[in-house]
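The values are calculated or read from the model by the stated rules, or taken from the named source; none is laboratory data. It should be emphasised that the depicted structure is a prediction, and the values quoted were computed from it without experimental measurement. For neighbour counting, all protein chains shown are included, and Cβ atoms are generated from backbone atoms with ideal geometry for every residue, glycine included. Protein only, heavy atoms only, side chains kept; ligands, DNA and RNA dropped before computing areas. Shrake-Rupley method; radii C 1.70, N 1.55, O 1.52, S 1.80 Å.
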Amino acid sequence: MRVAAIGDLHVQENDEAPYRELFAEISTQADVLLLCGDLTNFGKETEAHVLADDIKSCTIPVLGVLGNHDYECGCPEKVCEILSGGGMIVLDEQAHEIDGVGFAGVKGFLGGFGRGELAPFGEPIVKAFVDEAMKEARKLENQLRTLRTERSVAVLHYSPVVDTIEGEPEAIYQYLGTQRLAEPIDRFEHVKAVVHGHAHHGTYEGRTPRGTPVYNCAQFVLKPLFGRPYALLEI
Ligand SMILES: [Fe+2]
Ligand SMILES: [Fe+2]
């Protein structure tokens with residue numbers, strides 16, 4: 001299966017069909033399109049409608065997750081509903097299967113890597129912060145567990161590894177993802193690739209501790225690399 005992936009669309013309300021042509025092109029290049037979050041710039045309903053209209057021009061299945069920007073206005077459920085209306089399958093609680101390939105996805109969360117990982121210690125708000133990351137990892141694990149396919153792809157917004165955020169200032173690594181997301185991925189043999197966004201200045205390729213390939217599909221990473229803002233993967 002040929003899978004296209006793009007993250008960080010950051011659609012704004014005054015954009016006019018910003019992705020229509022690109023989605024039509026991708027439909028001729030791939031069997032499935034994955035959207036890796038930050039689909040809108042501020043999580044406004046008007047922005048979601050602009051993107052939903054463009055998604056309708058896609059002739060292949062479109063699946064994906066929301067990003068932190070899609071939460072900014074406080075109505076992510078509404079953004080989901082509008083994008084679903086355009087035909088996108090928004091992954092969060094339930095995995096999806098297409099032609100024998102599984103797709104599981106969550107937005108993910110922050111928290112850091114290695115020695116920089118925030119621990120659930122001390123003030124309740126710190127524990128709540130870490131709990132949020134654990135909750136996202138648990139949702140991903142539950143989806144991956146339901147899949148009976150030999151191959152699957154995990155879709156995230158935040159990064160599960162440090163490799164693909166390299167290029168960003170080290171001071172902000174902990175805001176770009178958390179290694180807690182890599183744990184469920186490494187528990188399942190069937191995960192053949194992980195795609196994410198969020199780190200606009202990161203690195204395209206990396207691996208989880210157990211060796212599963214991870215791809216940063218933020219369009220700003222892909223464009224200078226491939227001359228097109230999306231990644232193409234063979235799964
Ligand atoms: Fe972004
Ligand atoms: Fe983001």
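Values for this structure:
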| quantity | calculated |
| --- | --- |
| Filter pass, Ala193 being hydrophobic (A, V, I, L, M, F, W, C), surrounded by 14 or more Cβ atoms within 10 Å (Cβ to Cβ), within 14 Å of the chain's Cα centre (by Cα) and more than 16 Å from ligand 1 (Cβ to nearest atom) | yes |
| Matching residues in the stretch 8-26 - criterion: being within 14 Å of Leu232 (Cβ to Cβ) and either open to solvent by 20 Å² or more (accessible area, probe 1.4 Å) or within 16 Å of ligand 1 (Cβ to nearest atom) (or both) | Leu22, Glu25 |
| Some residue of the stretch 52-71 being away from ligand 2 (no atom under 16 Å from the Cβ), open to solvent by 70 Å² or more (accessible area, probe 1.4 Å) and farther than 23 Å from Glu234 by Cα | yes |
| Condition check for Cys36: within 19 Å of Leu222 (Cβ to Cβ), in contact with a strand residue (DSSP E or B) (Cβ under 8 Å, 6 or more places away or on another chain) and within 16 Å of ligand 1 (Cβ to nearest atom) | yes |
| Residue pairs meeting the criteria (Cβ under 8 Å; at least 6 apart or on separate chains; first over 30 Å from Pro224 (Cα atoms), in the stretch 182-202; second in a strand (DSSP E or B)) | Phe188/Ser152; His190/Gly102; His190/Arg151; His190/Ser152 |
| Of all residues making up the stretch 152-181, the number that are away from ligand 2 (no atom under 12 Å from the Cβ), under 20 Å from Ala119 (Cβ atoms) and crowded, with 19+ Cβ neighbours inside 10 Å | 8 |
| Qualifying positions in the stretch 34-49 - on the phi > 0 side of the Ramachandran plot and among the charged types (D, E, K, R) | Asp38 |
| Number of positions in the stretch 93-128 that are in contact with a strand residue (DSSP E or B) (Cβ under 9 Å, 6 or more places away or on another chain), outside any strand (DSSP E or B) and hydrophobic (A, V, I, L, M, F, W, C) | 6 |
